[in-house]
Structures are given as C-alpha cells and as structure tokens.
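K.L.:
Questions regarding the structure given below will be posed in turn.
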Amino acid sequence: MSGKSGLSVEDWSNAWENDVTPWHVSTVNSVFEKYLKSKYLHAEESKKLSCFFPLCGKSIDMLWAAKQGCLVRGSEFSQKAIDEFFFENAIETSHFGGFTNSEEDSLNISLRPGDFYLYPEDEKFEFIFDRGSMVAIDPNDREKYAEKIFNLLQDGGIVLLEAILRDESEIANGPPFHLTLEQVKSAYDQFGLKVTELETRHATQAGHGQFTLLYLQISK
Ligand SMILES: C[S@@+](CC[C@H](N)C(=O)[O-])C[C@H]1O[C@@H](n2cnc3c(N)ncnc32)[C@H](O)[C@@H]1O
C-alpha cells in the first residue's frame, strides 16, 4: 500500500493547536446511538458496558455513552483535545495513572493522552467505537492497528466501525482514507475477528466532496 501515508504526531498536534479539526461534530453519531440502544442499553445490567474510543479527539459520543451509564475510556495524542472535551462539557477533572479523569461521580470517563499503540492493555472492553480512527491512520499501519484493537477487545466484544468509501480520484487522499469492507476484513482476518456490513449512508464534507459512510460490525 505504498504511496499513502498518514499524518505525524506534529501534524495532529498542529491541527489541534490551530483549531483545525474538521472531523469534529457536535452531535452524537446516530448509528452509534441506535446500535448501542438496540444491542446493549435496554437491560439494567448493561448500564456498565465498557466502551473504548481509539483516537478519540473530543468526540461528544463519549459523553453520550457515559450519560447512559457506560464506562468510557479513550486514547488521544493531543492533551489539548482531551482538555477541551472536559472543559466544553463542564466536567471537572483530575489527573492520575497517566489519565485525565472525570471528577463527576455520575460520569465514568478517563482519557489517556499519548500514542494509541502504547495504550495499556490490562483493561479489555466490551465495545469499541471506531469513528475517524482506522480511516485516520496511515493505511500502511492497518494490520498493526487491528492487532491493537484485538488486544483491547474482550472475548465476545464488538467493534462498531465507520469506514469511508471515496471516489476513485480521491482514494489516495486522506485522512480520512478510503477504507473498504475487504480492507477491514484483510486487516482483521488473521486475528479471527468476524466483519459484517450493517449499513451505508451518504455524506459530504467541505474539502472532501461526497463520500459514502460504511458501518461495519467486527466481532471477537
Ligand atoms: C480524525 S480525528 C477523529 C477524532 C474522533 N474519533 C472523532 O470522531 O471526532 C483523529 C484523532 O486521532 C488523534 N490521533 C492520531 N493518531 C493517533 C495515535 N497514534 N494515538 C492517539 N491519537 C492519535 C488525532 O490527534 C485526532 O484527534
């Protein structure tokens, strides 16, 4: 997959420092909300579902999940992004164990600044929401990325992935990079994870024209 390469830590850091974060949306992802509600959030005991958000930015989906009672963990290079997440949602924080943590008893959220590939693997998750994450990394790192997700996912756990199908002329441009069902399967196959298609949606974004969002379920 030569010819395509991702952004460096400095590139991502500069984007946050300069407030150039076009991927950030201020509403909860409707597929994520629908999926979690239908699969998990109807039973009382499911309230403590453990959710992980790789390359989390300051996604509002994390707040929504925490408000449903989920345990929320995330990994993000940029401490500024993490600080903005808590500040913009008026959540007091503390710092310990390398995490920035919600101080509100009702919101179990801990986000870890640093490289996702170095995120500790002692805690495994029932659910991982991959939005703007696998499509954001260097396409040459997809197998390494899949291995990390595999290591963080509990047996029986599920990943909901938002992949992106772009026009032929745009395929090499990114992030977000073009990411097909076959490419996701090829990255996850060696770890024995099952990838199935859930639904597709059409979208547009300034600078990226039209594209298709492809929602996949990955099961361990
Ligand atoms: C396209 S944004 C998506 C953010 C978020 N998932 C969302 O949907 O809003 C990708 C984020 O990943 C972060 N990032 C990129 N590579 C990373 C890595 N190796 N470890 C941790 N964070 C990373 C960037 O700083 C950026 O905030």
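K.L.:
Could you work out the relative contact order of the chain? I mean the mean sequence separation of Cα pairs under 8 Å and 6+ apart, divided by the number of residues, in percent.
P.N.:
Numbers: 391 pairs, mean separation 38.8, N = 220.
Relative CO of the chain lands at 18 percent.
K.L.:
Stretch residue 10-residue 105 to full length: gain in nm at 0.36 nm per residue minus the Cα-Cα span? Write out the running numbers ahead of the final one.
P.N.:
Details: separation 95, 0.36 × 95 = 34.20 nm, distance 3.44 nm.
Contour length minus Cα-Cα distance gives 30.8 nm.
K.L.:
Further question on the same structure: Which residue, 186, 106, 50, has the most motion in a Gaussian network model of the chain that connects Cα atoms within less than 10 Å?
P.N.:
Greatest mean-square fluctuation among the candidates belongs to 106.
K.L.:
Out of 163, 203, 81, any idea which swings most in a Gaussian network model of the chain, alpha carbons joined below 10 Å?
P.N.:
Checking each option, the largest mean-square fluctuation is seen for 203.
K.L.:
Hey, which of these cross-link pairs are over 30 Å Cα-Cα: 37/220; 48/194; 67/185; 124/194? Don't skip to the answer; put the middle values down first.
P.N.:
Details: 37/220 20 Å; 48/194 24 Å; 67/185 32 Å; 124/194 18 Å.
Going by Cα-Cα distance, 67/185 fall outside the 30 Å limit.
K.L.:
Shifting gears a bit: Looking at the square roots a ≥ b ≥ c of the eigenvalues of the Cα gyration tensor of the stretch 55-105, which shape do they give, rounded for a/c under 1.5, prolate if a/b is larger than b/c, or oblate?
P.N.:
Numbers: a/c = 1.37, a/b = 1.17, b/c = 1.17.
Rounded, since a/c falls under 1.5.
K.L.:
Oh, and also: Using +1 on the beta carbon of Lys and Arg, -1 on that of Asp and Glu, and nothing else charged, what's the dipole of the chain about the Cα centre, debye to 20? Working shown, then result.
P.N.:
Working: 21 positive and 35 negative charges, 121 e Å.
Roughly 580 debye for the chain.
K.L.:
Given H placed on each backbone N at 1.01 Å, which residues far from residue 75 in sequence or on other chains put an amide H within less than 5 Å of it?
P.N.:
Hits under the 5 Å cutoff: 53, 55, 56, 112.
K.L.:
Which residue fluctuates the most in the chain, going by a Gaussian network model with Cα springs under 10 Å, if the choices are 122, 19, 130?
P.N.:
Top of the fluctuation ranking is 122.
K.L.:
With only Lys, Arg, Asp and Glu charged, each at its Cβ (+1 for the first two, -1 for the last two), find how big the charge dipole of the stretch 1-102 is about the Cα centre; round to the nearest 20 debye. Intermediate results must be reported in sequence, preceding the final value.
P.N.:
Working: 10 positive and 13 negative charges, 114 e Å.
Taking the Cα centre of the stretch 1-102 as origin, the dipole is about 540 debye.
K.L.:
Stokes-Einstein at 25 °C, 0.890 mPa s, Kirkwood radius from Cα pairs: D for the stretch 97-220 in µm² s⁻¹? Before the final figure, lay out the partial values.
P.N.:
On the way: Rh = 15.7 Å.
Estimated via Stokes-Einstein, D reaches 157 µm²/s.
K.L.:
Where nothing but the Cβ of Lys and Arg (+1) and of Asp and Glu (-1) is charged, how large is the charge dipole of the stretch 155-217 around its Cα centre, in debye to the nearest 20?
P.N.:
Details: 4 positive and 9 negative charges, 16 e Å.
That gives a dipole near 80 debye.
K.L.:
For the stretch 173-220 and the stretch 114-158, what is the centre-to-centre distance using only Cα atoms, to the nearest Å?
P.N.:
So the two Cα centres are separated by 14 Å.
K.L.:
What's the exposure ranking of 25, 135, 159, going from fewest to most Cβ atoms within 10 Å? List each step's numbers first, then the result.
P.N.:
Numbers: 25 15, 135 22, 159 27.
If I rank by nearby Cβ atoms, fewest first, I get 25, 135, 159.
K.L.:
Another question, then. Using only alpha-carbon positions, what ratio does the radius of gyration of the chain give when scaled by 2.2 N^0.38 Å?
P.N.:
On the way: Rg = 16.5 Å, N = 220, 2.2 N^0.38 = 17.1 Å.
Against the empirical 2.2 N^0.38 Å value, I get 0.97 for the chain.
K.L.:
How big, in percent, is the set of alpha carbon pairs in the stretch 1-108 lying more than 18 Å apart?
P.N.:
Numbers: 3093 of 5778 pairs.
Here the long-distance tail beyond 18 Å is 54 percent of all Cα pairs in the stretch 1-108.
K.L.:
I need the shape label for the stretch 87-130. Rule: rounded when a/c is under 1.5, else prolate if a/b > b/c, else oblate, with a, b, c from the alpha carbon gyration tensor.
P.N.:
On the way: a/c = 1.89, a/b = 1.51, b/c = 1.25.
Prolate shape, in that a/c is at least 1.5 and a/b is the bigger ratio.
Coordinate-derived values only; no laboratory data. Because the structure is predicted, anything quoted here is derived from the model rather than measured. Please note: Cβ atoms are built from the backbone with ideal geometry, for glycine as well, and neighbour counts cover all protein chains shown.
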